[in-house]
Amino acid sequence: MKILITGGAGYLGTTLVPLLLKRGDEVIVFDLLRFGIQPLIPFCCNPRFSLVRGDIRDRRSIETPARKADAVVHLAAIVGHPACAAAPQEAQTVNVDGTRNLAAVLGRGRPVVFASTSSCYGSVPEGTCDEDTPLRPVSLYGTTKARCETILLDSCDAVVCRIATAYGLSPRLRLDLLINNFVHRALHEHRIALYQPAARRSFLHVHDAARAVVMALEQPGSMIGRAFNVGHESQNMTKMDVCRAIREIIPGVEIDDSATAEDPDHRDYVVSYARMGALGFSPTHTIPEGIHELVRALRWIGCRDAFGNMAVEPA
């Protein structure tokens, strides 16, 4: 297939591209390249790879690549609460207006896999959260993603993937994600400042998130028009559980759970992944394996800011 990936130069996109190229697909990445082209350089010599620099908010720039594609993976977005809170107008125009542009160009007839988030659930009562749990997003990020789900399900042949909090290495590494951030702090500060330690979260390695997208492209008939929680029950953990798993691998890390703050997305619930599991999906990476790979890489890497712009730390 010829597959268009909007936002394909990002954390998930740069993990997904090689999987699709290995499968034999043609891949078109459409991206503003806010973080540069470097993560895509290894693919540029592949004749089945092409890159279009463009802004999802400009409908004309997305029209040509979208019309060439047999299927679309929609990743382009301002991602995460901090980034959306820092630029709320941009979050609205990129996430919602950009998705509306894409939906208007595509219509029905081709599968669209949308990377949504468990942040759409927002404040959830006690119990297990599944795809039928009402969406009550609290943050701007969760609100925009929930709105995008509605736009795509109403207008396109869409598969909605509500992906658990991702972790692990990617060509476009992010250090604002919880596990990645905690590992980085453990290595370079020997301390993790932890608030809401008992809050329950759900995690998934970025490579497994990319595998789930491939799965949706391979069997769209059983998934179109529906939402799927993407993750696995084995990776439902409290934040303190994550810190303890990190300390098992990086001995001597101080865990300071006296910090006072609140998750803007109000994430504190167990997520059911039975719907995705029934289709045969299960993760290939565990959280300890992800921590080990992050430790190997992050010993050499620092960060300039919370959003993952990288710089090598001095020896």
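The values are calculated or read from the model by the stated rules, or taken from the named source; none is laboratory data. Keep in mind the model is a prediction, meaning the values are calculated, not measured. Cβ coordinates were reconstructed from backbone atoms using ideal geometry, including for glycine residues, and neighbour counts include every protein chain displayed. Please note that ligands, DNA and RNA were not included when accessible areas were found on the heavy atoms of the full protein model with its side chains. Shrake-Rupley method; radii C 1.70, N 1.55, O 1.52, S 1.80 Å.
The set of residues in the range 59-71 being part of a helix (DSSP H, G or I), in contact (Cβ under 8 Å) with a residue 24 or more places away in the chain and charged (D, E, K, R) consists of ARG59, GLU63, ARG67, LYS68. The number of residues in the range 9-58 being under 18 Å from GLY168 (Cβ atoms), touching a residue at least 40 places away in the same chain (Cβ under 8 Å) and either of a type outside the set (A, V, I, L, M) or open to solvent by 20 Å² or more (accessible area, probe 1.4 Å) (or both) comes to 10. Selection over the range 88-138 of residues that are over 19 Å from GLY7 (Cβ atoms) and among the hydroxyl-bearing types (Ser, Thr, Tyr) gives a count of 4.
This table checks each residue for (1) over 17 Å from GLY8 (Cβ atoms); (2) out of contact with any helix residue (DSSP H, G or I) (no Cβ under 7 Å at 6 or more places or on another chain); (3) not in a helix (DSSP H, G or I).
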| site | (1), (2), (3) |
| --- | --- |
| ILE56 | no, no, yes |
| VAL79 | no, yes, yes |
| THR93 | yes, yes, no |
| VAL96 | yes, no, no |
| ARG100 | yes, no, no |
| THR133 | yes, no, yes |
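Test THR150 against the criterion of being open to solvent by 20 Å² or more (accessible area, probe 1.4 Å), in a helix (DSSP H, G or I), farther than 26 Å from PRO220 by Cβ and out of contact with any helix residue (DSSP H, G or I) (no Cβ under 8 Å at 6 or more places or on another chain), and give yes or no. Answer is no for this residue. The number of residues in the range 168-215 being closer than 23 Å to GLY13 by Cα, part of a helix (DSSP H, G or I) and basic (Lys, Arg) comes to 1. Restricting ARG226, ARG185, ARG191 to those that are charged (D, E, K, R), out of contact with any Leu (no Cβ under 6 Å at 6 or more places or on another chain) and within 19 Å of CYS129 (Cα to Cα) reduces the list to ARG226. Evaluation of HIS74 against the conditions (1) within 17 Å of THR6 (Cβ to Cβ); (2) without any contact (Cβ under 8 Å) to a residue 12 or more places away in the chain; (3) open to solvent by less than 50 Å² (accessible area, probe 1.4 Å) shows that the sole unmet condition is (2).
Residue by residue, here is whether (1) out of contact with any Phe, Trp or Tyr (no Cβ under 6 Å at 6 or more places or on another chain); (2) not hydroxyl-bearing (Ser, Thr, Tyr) holds:
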| position | (1), (2) |
| --- | --- |
| LYS239 | yes, yes |
| ALA245 | yes, yes |
| ILE255 | yes, yes |
| ASP268 | yes, yes |
| SER272 | yes, no |
| GLY277 | yes, yes |
| GLY290 | no, yes |
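Number of residues in the range 181-224 that are under 13 Å from the mean Cα position of the chain (by Cα) and of a type outside the set (Val, Ile, Thr) equals 10. Among the residues of the range 242-256, none is identified as loosely packed, with under 14 Cβ neighbours inside 10 Å and among the hydrophobic types (A, V, I, L, M, F, W, C).
From the set of residues in the range 221-239 that are open to solvent by 30 Å² or more (accessible area, probe 1.4 Å) and part of a helix (DSSP H, G or I), which is farthest from ASP154 (Cα to Cα)? Per the stated criteria, the residue is SER234. Filtering the range 118-136 for residues that are in contact with a Pro (Cβ under 6 Å, 6 or more places away or on another chain) and within 17 Å of ARG162 (Cβ to Cβ) leaves a non-empty set.
This table checks each residue for (1) under 23 Å from VAL124 (Cβ atoms); (2) in contact (Cβ under 8 Å) with a residue 12 or more places away in the chain; (3) of a type in the set (Lys, Arg).
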{"position": "ILE192", "(1), (2), (3)": "no, yes, no"}
{"position": "TYR195", "(1), (2), (3)": "yes, yes, no"}
{"position": "VAL230", "(1), (2), (3)": "yes, yes, no"}
{"position": "ASP241", "(1), (2), (3)": "yes, no, no"}
{"position": "GLY252", "(1), (2), (3)": "no, yes, no"}
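Test ARG162 against the criterion of being assigned to a loop (DSSP other than H, G, I, E, B) and in contact with a strand residue (DSSP E or B) (Cβ under 6 Å, 6 or more places away or on another chain), and give yes or no. No.
So that you can scan it fast, the table gives a plain yes or no per residue for (1) more than 17 Å from the chain's Cα centre (by Cα); (2) surrounded by fewer than 17 Cβ atoms within 10 Å (Cβ to Cβ); (3) aromatic (Phe, Trp, Tyr):
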residue: PRO65; (1), (2), (3): yes, no, no
residue: HIS81; (1), (2), (3): no, no, no
residue: PRO88; (1), (2), (3): yes, yes, no
residue: ALA104; (1), (2), (3): yes, yes, no
residue: CYS129; (1), (2), (3): yes, no, no
residue: PRO134; (1), (2), (3): yes, yes, no
